[in-house]
Amino acid sequence: MATNVLTLPRTSEPTGIWSWITTVDHKRLGLLYLLTAVAFFLIGGIEALIIRTQLALPNGTVVDPSLYNQLFTMHGTTMIFLAVMPLNTGFGNYLVPLMIGARDMAFPRLNAFGYWLYLFAGILLYASFIFGNAPDAGWFGYAPLTERAYSPGHGIDFWVLSLQLLGISSLVGSLNFVVTILNMRAPGMTINRLPLFVWGVLVTSLLIIFAIPSITVALILLLFDRYFGTSFYLASAQGDPMLWQHLFWFFGHPEVYIMIMPAFGIISEVLATYSRKPIFGYAAMAFAFAGISFVSFTVWAHHMFATGLSPVADAVFAATSFLVAVPTGIKIFNWLGTIWKGSIRVTTAFLFAAGFIGQFTIGGLGGVMLATVPVDWQITDTYFVVGHFHYVLFAGAVLALFAGTYHWFPKMTGRYLDERLGQIHFWLTMVGMIMLFFFMHYLGVIGMPRRIYTYAPGQGWDIWNMIETIGAFIVAAGVLVFVVNVFISLRQPKTATDDPWDGQTLEWATSSPPPVYNFAAMIPVNSPRPFWDAKYGPHSEFAENPKTIDLSGGSTAHVHLPNPSIWPLLLSLALTIFAVGIIFGPQTGWILAPIGVVLMFGSFLGWLAQPAG
Amino acid sequence: MEQEQSFQRSTADPHHDPGDFVAEEKRIQQAKPNYVGVFVALAILTAIEISITLIFPSEEGAGATIGRVPLLLFLTVAKALLVILYYMHLKFDSRLYSYFFGAGVLAFGLPFVISMIFLMSPPQLASQRHEGGAPGEQRPTPNPNAGPPVTLKLQGFEFEFDPGALAANSGQVVRIELQNTGSVEHNFVMPSEPVATLPEPWVTNNGTVIAKAPVASVGKGGFTAPAPGDYAFYCNVPGHALAGMHGIISIK
Amino acid sequence: MSAVGKLEKAGDRVGSHMEQVVSEAQVQPEHAETTTGLDHRKLLIWVFIASETIFFASLMATYLVFRGKTPPQDGLAHLDLNVASINTFILLASSLTMVLALQSIESGKKGRLIGLLILTALLGALFLGGQALEYNELITNGVSIDTNLFGATFFTLTGFHGAHVAIGILWIIMLIIRALRGGISQHNHLAVELGGLYWHFVDLVWVVLFTIIYLI
């Protein structure tokens, strides 16, 4: 068998920088996504710390108002588009083919293209700091503030073009996921036997596919307003700033679920594994995914209650927003049902998942409050909203991603993360997070508006702001412990077994880390937890009398893997050059844009000419 | 009906595998859709659409009684269905494709367009939209005796127009060329009523944007000079007019 | 049976129905290239087309909400229904030639395929020519993208459609080159079908645009 492995055509060269640049292997791309996203997560975190330091005391003077605006805009944009979404994509990339028993994604080069475009778009966004003017209009960039007349610098241009590139990257990534999940499942793995994480990724991908075009159009119109003198969003010339809000939130609300659905999937996998039970109510969970994703497209105007829609529209959008609570509630009760009477192992991953349930529920309840129109009129644009969405995004998505990291780290690297440091990380995160975000709700109710760079003393806000800032640094300490933990682990020998947590799904049925071809032999799939069935017999409730599974039987002689390719990187580079050409269009006489188009066409032809493998 | 049959055929015949790509191609070939016939149908429907528009040019009068817009939309949907079912052969293809396409159009696209129309153009504005202006607003008609079209050039900067006084004849076609020599955007806005009734139109932001000039560019636009009188013009970028960026155009 | 059990059972039934939709017939694993039996690329194109519908829906919504805000004599009145109608017939005819091209290669007539593809590309180019004529008419009458809302919405909407037509023409040219170099045969013609799907979709968008811009 060893010789077979050596003669395999490779997804990438075995080692070296070039092997990573040209790789089309879903596992390597998944790791690249995760590493890049963690880097951006840390940058976004530092921005948050500066914001909190500025707000710790009244009349703070750490940053000036202009820099403060840039910081919260970049913090929001970074965390959403450059950290949480790519972290989800990274986990999806690494795990989906393994979980469905495939050798790779359906379009490996498209996968690489998505990653490189994401990386370049992130760099493009941060390049705006070099040009002295980062975007400063908030992550939802309300027009007309983003118009040329009110934001004359290049900051908004960088923001618009970078989001367009990220949109393309997410779109191709999602198309790839949908085709992979529908078309490349192992024999026997029907749609209603997909692991719930794969369900989460499938639904997320569909959301991206249907939501991204709306923001693409919104950004195109903004670009035309800024460059070609149109007036789509200018009320002064009969345009309508509300158009931006509609187009943006038609994307923006599904975006919230785009960030949280894979997290739901991770939580489902983690809780089932550490409770040693099948997930409770599998079908209900799967349908809750579908239900949330559909309803999420019908609620966008609840972000706009304060803009004076008609009372009928307010009522309709409030009602649909309440509806989201139903499938979400189903999920929460099913997670509790999964833990119920399980033989629980309290590992770090389990702790994060359990913490997720409680904290995310609080975030969800805040959402129900905000869906109530009169309440929303009172507290919209206050810290209540900030508290709410950090509770669903940090206490929701980020906690789940930490749970997933502790759960799958042995599979990805062959090494364990230290459990003691992990528990310190968990408790610091929990305590810090509650200090940081919980009191934001109260601050909002007593009237502290969001996005103010400082405030006067004596309004009853001082003590809470100080507590929040302390909480922020505690969370940062937790993240530091996590980073240290990762570095310590990576320096140790590979000690992880193939199945360290007594897993249930297919990714544990191969070595840690998996070989480039993922599986030599495939175990039969008869339920959502095929590996558990193989170990303990079909439909067994309890982990008794494990069988040894022989996975050495398969032959790798017929394994056919895609060729490494440089074209995805070149194509995404060409697209980025095109974007830069647009940003500096008026100054450079639009010379870079056609160059970008020519390069795009060239790399596209190169891509087509290269055999896929 | 046809679709029903083809589906039954596919499930009844054990040797027939609808998932198989080659078999699928065969199925389309077997169905032998009459593509030219489809084209003829599309052409006829288009001709009907065009003649409806030519015979009932507006939504008023006879057009409204036959439900002109619903009829046109119905014909459009019929044409779209022909293209989708036959040219894109969804009729003979895997239902999975139809589900994706249907989700795009029916579940998300169409409801979004409809709700946008209702949310952004409340019905009470309908009359206004037909007239193309505020209710009761009279658009001046060009008067050929007023002289040839005139081009008025002026500069705008912080916060002034140069020159601040312009002149034209009533009924004359006026072209405005506003050169922005400042460092932020400026525009040229003119109210429909003279200074006598509206001395400071910028307070209520009354008027239409005739020309707008981003930084270092020339904004062009035009209008037909209204009834004689002195009219204010101003820049409606917030604060600019208050800071003194306004002038007078005298219509004789 | 408990209520939860019933719910699970019902869910399972719906799930199996969905499964049936996803793979209408259970294919034999050793022969099946893909789980659903559908080609990766064709599935990709269809999902992409679904995404494009939202793109054009957003642009159309923009056009429709601003419709009527500009007086007709400053925009809409300068459009020529004759040019647009001829353009519509041209694009519909190009869809016919495209589908006939696919039909020819299915029965192995490669020469006919190439001829029809060339015809399709030419019709597409003709359509773009008609559009250029229309743009020229508007611009000489002083209506350009930055004149008023009609100009902005009209040029954006038809411009993006035109860009799609242009990409479609490039795609067809690549198909022609590929066919000439022998890359397309009776049993290997998925590329023609994919290009055709995209081309028909662009045609479909025009069918809707024609109604909402010129007819209503």
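Every number in this text was worked out from the coordinates using simple rules, so none of it is lab data. This structure is a prediction, so every number in the text was calculated from the model and none was measured. Cβ: placed from backbone, ideal geometry, glycine included. Neighbour counts: every protein chain shown.
Put a dot 7 Å past the Cα of B:Val218, heading toward its Cβ, do the same for A:Ala521, and the two dots end up 8.1 nm apart. Each label was represented as a point 7 Å from its Cα along the Cα-to-Cβ direction; for B:Thr204 and A:Phe601 these points are 5.5 nm apart. Using only side-chain charges placed at the Cβ, +1 for Lys and Arg and -1 for Asp and Glu, the dipole size of the protein assembly as shown relative to its Cα centre rounds to 1800 debye.
Helices meeting the span-like rule in chain A (full DSSP H runs, Cα extent of at least 15 Å along the helix axis, mean Kyte-Doolittle score of 1.0 or higher): A:26-56, A:108-130, A:155-183, A:196-228, A:282-295, A:311-339, A:348-371, A:462-490, A:567-583, A:592-609. For the residue pairs B:Lys32/B:Lys79; A:Lys27/B:Lys91; B:Lys91/C:Lys42; B:Lys252/C:Lys69; A:Lys27/A:Lys494, the alpha carbons lie more than 27 Å apart in A:Lys27/B:Lys91; B:Lys252/C:Lys69. One chain, two ends: A:Ser511 and A:Trp340. Fully extended at 0.36 nm per residue, the span grows by 58.5 nm beyond their Cα-Cα distance. Computing FRET efficiency as 1/(1 + (r/R0)^6) for C:Ala125 and B:Thr181, where r is the C-beta to C-beta distance and R0 is 45 Å, gives about 0.55.
Between rounded, prolate and oblate, where does chain A land on the alpha carbon gyration tensor, with a ≥ b ≥ c its root eigenvalues, rounded for a/c under 1.5, else prolate if a/b exceeds b/c? Verdict is oblate for chain A. Annotation for region A:212-240 versus region A:33-63: alpha-carbon center distance of 31 Å. Extending 7 Å from the Cα toward the beta-carbon at both A:Leu365 and B:Ser51 defines two label points whose distance is 6.7 nm. For region C:39-215, a Kirkwood hydrodynamic radius built from all Cα pairs, placed in the Stokes-Einstein relation at 20 °C and 1.002 mPa s, yields a translational diffusion coefficient of 125 µm²/s. Straight-distance candidates among the lysines for linking to A:Lys341, with alpha-carbon spacing under 27 Å and chain neighbours fewer than 8 residues away dropped: A:Lys277, A:Lys331, A:Lys535, A:Lys547, C:Lys6, C:Lys9.
Of the residues B:Gly239, B:Ser192, B:Val150, the one whose Cα sits farthest toward the positive end of the charge dipole of region B:144-251, with +1 on the Cβ of Lys and Arg and -1 on the Cβ of Asp and Glu, is B:Val150.
Compared with the alpha-carbon gap, the fully stretched path from C:Phe160 to C:Lys110 is longer by 14.7 nm at 0.36 nm per residue. Specify whether the C-alpha gyration tensor of the protein assembly as shown places it in the rounded, prolate or oblate class, a ≥ b ≥ c being the square roots of the eigenvalues: rounded for a/c under 1.5, otherwise prolate if a/b is larger than b/c and oblate if not. Oblate is the answer for the protein assembly as shown, as a/c is 1.5 or above yet b/c matches or exceeds a/b.
Note on B:Ile114 and A:Asn563: with the Förster distance fixed at 60 Å, the Cβ-Cβ geometry gives a FRET efficiency of about 0.80.
Exposed loop sites are taken as trypsin sites (Lys or Arg not before Pro) in a DSSP loop (any state but H, G, I, E or B) with at most 15 other beta carbon atoms within 10 Å; the longest stretch of chain A without one runs A:1-340. Counting only helical runs of four or more DSSP H residues, what would the 222 nm mean residue ellipticity of the protein assembly as shown come to if each run contributes -39,500 (n - 2.57) and the total is spread over all its residues? The helix-only estimate for the protein assembly as shown comes to -19500 deg cm²/dmol at 222 nm. Using the Cβ-Cβ distance between B:Lys91 and A:Thr372 with R0 set to 45 Å, the FRET efficiency from 1/(1 + (r/R0)^6) comes to roughly 0.45. Along the axis of the charge dipole computed for the protein assembly as shown (Cβ charges of +1 for Lys and Arg, -1 for Asp and Glu, origin at the Cα centre), the listed residues A:Met242, A:Leu163, C:Gly111 are led at the positive end by C:Gly111.
What does the average come to when, for each residue of peptide B:70-79, you count the partner chain Cβ atoms lying within 10 Å of its Cβ?
Mean shielding count: 3.
Mean partner shielding of peptide B:85-91, defined as the number of other chain Cβ atoms within 10 Å of each residue Cβ, is 5. Length gained on full extension, A:Phe131 to A:Trp590, computed as 0.36 nm times the residue gap minus the Cα-Cα distance: 163.4 nm. Placing +1 on the Cβ of every Lys and Arg and -1 on the Cβ of every Asp and Glu, with nothing else charged, gives chain A a dipole about its Cα centre of roughly 1100 debye.
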